[in-house]
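For reference, the structure is listed below as structure tokens.
The values are calculated or read from the model by the stated rules, or taken from the named source; none is laboratory data. Treat the numbers as computed from the prediction; the structure is a model and nothing was measured. Cβ coordinates were reconstructed from backbone atoms using ideal geometry, including for glycine residues, and neighbour counts include every protein chain displayed.
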Amino acid sequence: MNTINTADAVVRNISTAVEEVRKQNPLVGSWTNFVTINLVANAQLAVGGRAAMCFLPDEAEPLAFVSKSIYVNVGTLQPIACQSLPAAAKAAAEANKPWVLDPVAAGLGDTRTSVLKDLKQYKPTIIRGNASEIITLANLWGLETEIKGKVEGVDSTDTVREAASSALKLAEYTGGAVAVSGEIDLILNSEKAYYLTGGSEMLECITGAGCSLGGVMAVFAAVTDALTAALTASVFYKAASDKAVSGGKIGTFSFQTAFVDYLSLLTPSDIAEYSEKHLTLQECD
């Protein structure tokens, strides 16, 4: 693997994506879960986006028309979500707008499985999940037959490296990017894979860290390509979480507040510097 430096185009692309979001303030339409909706919206706002949180199927088409990107999260499924989530994905695909899928708790129950299978046809621009969710989604979509994800609700019982082959198969199918979140993140497309270190363990102590990361990926997907968007959001999250604990011991709710603060305060140069220190590149086989 190769260490990233300032001469690498990926660092320039990440820095530019941060600048463009703060210039353009792109509107993102989000269908997300009730537990994390507040943090998702505030994180999107903090990095420079605008948030529209939606629920109804008939909002999908008009919102896809006016939004720059769409975020679809399958957590806390309600009966109406069986219509609204596929409608949102379909509207984004037909409007040629980027959209991000977060397959929360993939494999848990027949309803969730049915919704996720329905979303396959719309080929998300970015898929973000933990290792078990990524492996299970690849299983559900018939792309992965060699390994099975171990489902335990929203928690991952598989490692990021164990999910690498499934992530690559998903990226090859969609033509987009896949981000596997964990202690070390894996972000890839069909040609390049990046491992991202760093980040505070405190992210595991607040609900919605992963969901809001998916929402922030949708913000960056509005201004750049899929791989750069997934990388930029992932770097942003680890950098902000590290800064949030830089003053010493901190409680969970104070951490969440400081974390969101730093999402709004970190500069393009801060993000570029963090990328240089914590990103490594590996060519896909």
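What the table shows:
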item	result
Boolean, Tyr237 is part of a helix (DSSP H, G or I) and in contact with a Leu (Cβ under 7 Å, 6 or more places away or on another chain)	yes
Selection count where residues are touching a His at 6+ places or on another chain (Cβ under 9 Å) and of a type in the set (Gly, Ala, Ser), scope segment 232-285	1
Residue within segment 87-97 that is in a strand (DSSP E or B), in contact (Cβ under 8 Å) with a residue 12 or more places away in the chain and closer than 19 Å to Leu143 by Cβ present	no
Whichever residue in segment 32-50 is part of a loop (DSSP other than H, G, I, E, B) and not hydrophobic (A, V, I, L, M, F, W, C) and, among such residues, is modelled with the lowest pLDDT	Asn33
Cβ pairs under 8 Å, 6+ apart, first in segment 4-18 and modelled with pLDDT of 95 or more, second aromatic (Phe, Trp, Tyr) and in a helix (DSSP H, G or I)	Ala17/Phe220; Val18/Phe236
Condition broken by Leu108, with the remaining ones in (1) among the aliphatic types (A, V, I, L, M); (2) surrounded by fewer than 22 Cβ atoms within 10 Å (Cβ to Cβ); (3) at pLDDT below 95; (4) part of a helix (DSSP H, G or I) satisfied	(4)
Pairs with Cβ under 7 Å, 6+ apart, first in segment 211-229 and touching a residue at least 12 places away in the same chain (Cβ under 8 Å), second among the aromatic types (Phe, Trp, Tyr)	Leu213/Tyr237; Gly214/Tyr71; Gly215/Tyr71; Val216/Phe236; Ala218/Tyr71; Ala229/Phe220
Residues of segment 264-285 that turn out to be in a helix (DSSP H, G or I) and either closer than 18 Å to Asn13 by Cα or in contact with a strand residue (DSSP E or B) (Cβ under 7 Å, 6 or more places away or on another chain) (or both), as a count	11
Members of segment 15-31 that are in a strand (DSSP E or B) and farther than 11 Å from Val219 by Cβ	Gly29, Trp31
Segment 160-173, residues that are over 16 Å from Thr197 (Cα atoms) and either aliphatic (A, V, I, L, M) or not in a helix (DSSP H, G or I) (or both)	Ala163, Ala167, Leu168, Leu170, Ala171
Residue satisfying all of: in segment 220-240; of a type in the set (S, T, N, Q) and more than 17 Å from Gly182 (Cβ to Cβ); surrounded by the most Cβ atoms within 10 Å (Cβ to Cβ) among these	Thr232
Per-region count, segment 54-81, residues crowded, with 17+ Cβ neighbours inside 10 Å and part of a helix (DSSP H, G or I)	6
Residue list for segment 174-219, filter: part of a helix (DSSP H, G or I) and surrounded by fewer than 18 Cβ atoms within 10 Å (Cβ to Cβ)	Glu201, Glu204, Cys205
